[in-house]
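Read through the structure below, which is laid out as structure tokens, and then see the notes.
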Amino acid sequence: MMKKAKLLEAIAGKNRGLLATEVDKQAILVAVSQLEERNPTPKPFEALDLLEGNWRLLYTSSDELLRIDNFPLLKLGQIYQCIRAKDSRVYNIAEVYGLPYLEGLVSVAAKFEVLTKIRVQVKFERSIIGLQRLVGYESPNEFIRQIENGKKFPAIDFNINSNDQQGWLDITYLDEDLRIGRGNKGSVFVLTKV
């Protein structure tokens with residue numbers, strides 16, 4: 001547990017990575033590696049009950065995600081990764097804030113296929129970018145239910161050619177409330193179950 005506390009302390013106050021200096025990033029990577037060595041769930045896809053659910057991003061080194069915060073007048077809000085393990089589906093939802101009444105969201109729906117005991121291939125299928133008010137966004141669960149029911153949203157809502165947009169993710173640590181992943185672009189993700 002001390003390794004987990006050390007990682008949580010290292011990422012505290014870093015605003016998911018937006019405020020992390022190069023020195024912070026190196027210390028966080030060391031803490032991540034130390035915790036990964038003590039992974040209590042070496043075969044995460046055999047522990048679907050732990051994997052299933054909504055996860056909130058605590059830290060990432062992904063410039064792609066953190067770049068959303070660079071748009072003028074916009075600030076990155078909460079980021080969720082919602083896993084529906086039994087259906088092999090994952091939903092990424094980033095809340096964006098700015099001017100009053102102009103809160104937005106950026107969402108991607110994907111299907112995943114288990115490749116190894118820790119790796120999944122992710123094939124992105126659909127992206128939705130719009131104002132929270134116009135799409136009726138209230139919570140990740142309700143939004144995902146609407147996507148699964150085939151709702152088309154009054155937003156930029158388009159299908160993605162999964163042959164062009166795919167990647168892989170390794171789940172390198174999983175317990176009842178913390179998950180660490182490493183992506184194909186070298187990014188690290190630390191999430192907590194909500």
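Points to keep in mind about this one:
- C-alpha long axis of helix 2-11 to longest principal axis of the chain, angle in °: 40 degrees
- Whether region 53-99 is rounded, prolate or oblate, judged on the alpha carbon gyration tensor where a/c under 1.5 counts as rounded: prolate
- Of all lysines in the structure, the ones whose alpha carbon falls short of 20 Å from that of LYS25, not counting any fewer than 8 places away in one chain, are LYS3, LYS4, LYS6, LYS14, LYS185.
- Entry note, the chain: relative contact order of 21 percent, from Cα contacts under 8 Å with a spacing of 6+ residues.
- Cα gyration tensor shape for the chain, rounded if a/c is under 1.5, else prolate or oblate: oblate
- Once the mean of 1/r is taken over each pair of separate Cα atoms and inverted, region 82-194 shows a Kirkwood hydrodynamic radius of 15.1 Å.
- Accessible surface for the chain, divided over its residues, is 53 Å² per residue with a 1.4 Å probe.
- Within the chain, the longest segment free of exposed loop sites, counting trypsin sites (Lys or Arg not before Pro) that fall outside DSSP classes H, G, I, E and B and have at most 13 other Cβ atoms within 10 Å, spans 39-116.
- Listed values for region 25-36 are Karplus-derived 3J(HN,Hα) couplings in whole Hz (6.51 cos²θ - 1.76 cosθ + 1.60, θ = phi - 60°), namely 4, 5, 5, 5, 4, 5, 5, 4, 4, 5, 6, 4, and x replaces Gly and Pro.
- A DSSP coil position with no more than 10 other Cβ atoms inside 10 Å describes the following GluC sites (Glu not before Pro) in region 46-142: GLU138.
- For region 77-140 versus region 1-29, the spacing of their alpha-carbon centroids is 24 Å.
- Within straight-line cross-link reach of LYS151, lysines at Cα separation under 28 Å, skipping those fewer than 8 residues along the same chain: LYS75, LYS86, LYS111, LYS123, LYS193
The values are calculated or read from the model by the stated rules, or taken from the named source; none is laboratory data. If you're wondering where the values come from, they're calculated on a predicted model, not measured in any experiment. Cβ sites come from the backbone with ideal geometry, for glycine too, and all protein chains shown count toward neighbours. SASA here: full protein model, heavy atoms, side chains in, ligands and nucleic acids out. Shrake-Rupley method; radii C 1.70, N 1.55, O 1.52, S 1.80 Å.
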